[in-house]
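Okay, structure first, notes after.
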Amino acid sequence: MRTIWTPTLENFSGSKYEQLANAIGDAITRGELAPGSKLPPQRRLADALGVTLGTVTRAYTKAIYRGWVEARVGDGTYVRMAEPKSTGPLDLATCQQAVTDQAAFLGEVMSRMGRDPVRLAGLLDYHTANLEAQQETVLTFLARSGVDDFGGKLVFTHGAQQGLFAALAAICEPGDWVLHEAWCYPGLNRAAEALSLNLCGVSLLDDGLNLDELAACIDKHKPKAIYLTPNSQNPGCIGYSGAQRQRILALARAHDIIIIEDDVNYCTSQEWSAPIWQLAADAQSVVYLSSLSKRFAGGIRFGFMLLPARLQPRVNRIIHAHCWMVSPLLIEIGCELIRSGGIHQHRDAWIASLQQRFLTMAESLDLEAKSRGLNGRLTLPEGFRASNVIAALAAKGILARSLADFGGPANGIRFSLGRIPRGEEDEVFDRIQSTLTDVLNQGIAVV
């Protein structure tokens, strides 16, 4: 008798039917259930899992609603066939998750909210204060991730960029200095320019900042803040060591500097470490920023920040001046995604496999490379410009980004690996490798 697909429900959260529905989605994402394959008959799967027939029926219905599978009358339930490939370029220049089932999760959340008009009406007024139930949702989510509030204040934002701007404006005055990683998120430059702040980059090592250089910059500029991305440095693909984090925290405390810690960038559970906010454990020395942009989708402008209580009144005034308030409706959508498990995608294995493919490709070309989270960084030989490779890749329908855009070297390229569609990874890496081979063989270098 042929063995049927039987998932391990304990690997997933929620009720039994939610666990099974999420297991179906995970198996499809990992390729275990291929497009067009038939799911087990409901009664047989119920017997195999030791659950009721109703549980399997509800799970299959939820999977149908999410667009993963389709029911064929009299024939069973099948994994939906893959959508036709996009005719546009593959955007590996933008760092975000591949769009898989996010639309289905979002549609489910909005449909559920729409069926509760009383609840919905309560989100349509002006709110100048944060919402307690939604705050509790995010604080619980953070605590489960290993981030405690330590008596700090939670403030909602329209994405982490607004949180970064508000933090800088609350901490600094025009003309003050802010230190940052030498290869840095461009949004910091825009915020600093708008606030008339001076920036100084500190060079990066394999485990974080050059600490001697950091100490020298502190002595020279007397900065008010340091902006860092310790868990998944973008575009360097670096994770700060524990010793680095402790030393940076000690320097900041000794010189009365606030660390603005950006923990937006996705990294796998194996890569993630306790943030500096958690190490500080005092809600005094660090402002912690995060959002759903890299965990779910960039279009969900739902962010949040943990900050010292003394900064909250000024941060609130700055956000109020920007946009009057962060939309309560958007806040609730983000919180409902958290509650429903919509952002808890089991993608670590998939992302890790893309990272390994990227590193293997680079090794075959004898090129230096690093990968972390959604990104891969490639270093071309001295004398070669990333812009030439990026132009050649664009001609083959793949977009990538130069490290020079982040203040990095002109021979560095960043690829957003998370954007590679499942089932197309062989083709994508073949195109990248053949393009790199052509450019390197032709010797297109700086003249």
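The values are calculated or read from the model by the stated rules, or taken from the named source; none is laboratory data. Worth saying up front: this structure is predicted, and the values here are computed from it rather than measured. With ideal geometry, Cβ positions are generated from the backbone for all residues, glycine too; neighbour counts draw on all protein chains shown.
Taking the stated definitions as given, is D101 among the acidic types (D, E), surrounded by fewer than 21 Cβ atoms within 10 Å (Cβ to Cβ) and closer than 21 Å to L374 by Cα? Write out each step before concluding.
On the way: among the acidic types (D, E): yes; surrounded by fewer than 21 Cβ atoms within 10 Å (Cβ to Cβ): yes; closer than 21 Å to L374 by Cα: yes.
When the stated conditions are applied, D101 passes them.
For the subset of the range 28-71 comprising residues that are in a loop (DSSP other than H, G, I, E, B) and of a type in the set (A, V, I, L, M, F, W, C), which member is farthest from the chain's Cα centre (by Cα)? Let's see the steps before the verdict.
Of all residues in the range 28-71, those in a loop (DSSP other than H, G, I, E, B) come to 31-37, 39-41, 50-52, 66-68.
This time we only want the ones that are of a type in the set (A, V, I, L, M, F, W, C), so: 33-34, 39, 51, 68.
Working: L33: 26, A34: 26, L39: 31, V51: 35, W68: 23 Å.
Within the range 28-71, the match that is farthest from the chain's Cα centre (by Cα) is V51.
Taking the range 263-283 as the region of interest, how many residues are crowded, with 22+ Cβ neighbours inside 10 Å, at pLDDT below 95 and β-branched (V, I, T)?
Qualifying residue count, the range 263-283: 1.
Any residue at all in the range 116-138 that is in a helix (DSSP H, G or I), modelled with pLDDT of 95 or more and surrounded by fewer than 16 Cβ atoms within 10 Å (Cβ to Cβ)?
Yes, that holds for at least one residue.
Given the range 154-225, what helices (runs of 4 or more DSSP H) lie entirely inside it while holding 1 or more residues that are surrounded by fewer than 16 Cβ atoms within 10 Å (Cβ to Cβ) and among the aliphatic types (A, V, I, L, M)? Explain how you work it out, then say what you get.
Numbers: elements: 160-171, 186-195, 211-221.
Fully inside the range 154-225 and qualifying: 186-195, 211-221.
I'd like the residue in the range 401-419 that is under 16 Å from L359 (Cβ atoms) and modelled with pLDDT of 90 or more and, out of all such residues, is surrounded by the fewest Cβ atoms within 10 Å (Cβ to Cβ). Reasoning before the result, please.
Looking only at the range 401-419, we keep the residues that are under 16 Å from L359 (Cβ atoms), and these are 412-418.
Within this subset, residues satisfying the condition of being modelled with pLDDT of 90 or more are 412-417.
Details: G412: 21, I413: 27, R414: 25, F415: 27, S416: 25, L417: 25.
The residue in question is G412.
Among residues belonging to the range 1-27 that are outside any helix (DSSP H, G or I) and of a type in the set (F, W, Y), point out the one that is nearest to the chain's Cα centre (by Cα). Steps first, please.
Let us first name the residues in the range 1-27 that are outside any helix (DSSP H, G or I), namely 1-8, 12-15.
If we keep only those that are of a type in the set (F, W, Y) as well, we get 5, 12.
On the way: W5: 31, F12: 20 Å.
The selected residue is F12.
Return the residues of the range 216-235 that are farther than 14 Å from C184 by Cβ and among the aliphatic types (A, V, I, L, M); say none if nothing qualifies.
A216, I218
Here is a list of conditions, (1) in contact with a Lys or Arg (Cβ under 9 Å, 6 or more places away or on another chain); (2) over 23 Å from I259 (Cβ atoms), and C172 meets all of them except one; can you say which number that is?
Checking C172 against (1) in contact with a Lys or Arg (Cβ under 9 Å, 6 or more places away or on another chain); (2) over 23 Å from I259 (Cβ atoms), the one that fails is (2).
Would it be correct to say that L123 is touching an Asp or Glu at 6+ places or on another chain (Cβ under 6 Å) and either more than 30 Å from S291 (Cα to Cα) or outside the structural domain of S13 (by TED's automatic domain parsing) (or both)?
Working: touching an Asp or Glu at 6+ places or on another chain (Cβ under 6 Å): yes; either more than 30 Å from S291 (Cα to Cα) or outside the structural domain of S13 (by TED's automatic domain parsing) (or both): yes.
Yes, satisfied.
Could you check how many residues of the range 144-153 are outside any loop (DSSP other than H, G, I, E, B) and either in contact with a strand residue (DSSP E or B) (Cβ under 6 Å, 6 or more places away or on another chain) or at pLDDT 95 or above (or both)?
The initial filter retains those residues of the range 144-153 that are outside any loop (DSSP other than H, G, I, E, B), namely 144, 153.
Among the residues that remain, those that are also either in contact with a strand residue (DSSP E or B) (Cβ under 6 Å, 6 or more places away or on another chain) or at pLDDT 95 or above (or both) are: 153.
So the count comes out to 1.
Looking only at the range 35-83, filter to residues that are at pLDDT 90 or above and of a type in the set (S, T, Y); which one of those is nearest to T3 (Cα to Cα)?
In this case the residue turns out to be S37.
Have a look at T94, T29 and point out the one that is buried (at least 19 other Cβ atoms within 10 Å of the Cβ) and within 28 Å of R372 (Cα to Cα).
On the way: T94 fails: buried (at least 19 other Cβ atoms within 10 Å of the Cβ).
T29 is the lone residue from the list that is buried (at least 19 other Cβ atoms within 10 Å of the Cβ) and within 28 Å of R372 (Cα to Cα).
Between residues in the range 135-157 that are in contact (Cβ under 8 Å) with a residue 40 or more places away in the chain and over 17 Å from D282 (Cβ atoms) and residues that are buried (at least 17 other Cβ atoms within 10 Å of the Cβ) and of a type in the set (F, W, Y), which pairs lie under 6 Å by C-beta distance while being six or more apart or on different chains?
From residues that are in contact (Cβ under 8 Å) with a residue 40 or more places away in the chain and over 17 Å from D282 (Cβ atoms), the pairs are V138/F304; F156/F304.
Could you pull out the residue among G236, G201, G159 that is out of contact with any helix residue (DSSP H, G or I) (no Cβ under 7 Å at 6 or more places or on another chain) and either within 26 Å of Q355 (Cα to Cα) or among the aliphatic types (A, V, I, L, M) (or both)?
G236
Looking only at the range 1-22, count how many residues are of a type in the set (A, V, I, L, M, F, W, C), surrounded by 19 or more Cβ atoms within 10 Å (Cβ to Cβ) and farther than 21 Å from R144 by Cα. Even if it seems obvious, please write down each step before you answer.
First, the residues of the range 1-22 that are of a type in the set (A, V, I, L, M, F, W, C): 1, 4-5, 9, 12, 20-21.
From the residues that got through so far, the ones that are surrounded by 19 or more Cβ atoms within 10 Å (Cβ to Cβ) too are 9, 12, 20-21.
Now drop any that are not farther than 21 Å from R144 by Cα, which leaves 20-21.
Count: 2.
Check the range 239-262 and report whether any residue there is part of a loop (DSSP other than H, G, I, E, B), surrounded by fewer than 20 Cβ atoms within 10 Å (Cβ to Cβ) and under 25 Å from the mean Cα position of the chain (by Cα).
Yes, some residue in the range 239-262 is part of a loop (DSSP other than H, G, I, E, B), surrounded by fewer than 20 Cβ atoms within 10 Å (Cβ to Cβ) and under 25 Å from the mean Cα position of the chain (by Cα).
For I318, only one of the following conditions fails: (1) of a type outside the set (D, E, K, R); (2) touching a Leu at 6+ places or on another chain (Cβ under 7 Å); (3) at pLDDT 95 or above. What is its number?
The number of the failed condition is (2).
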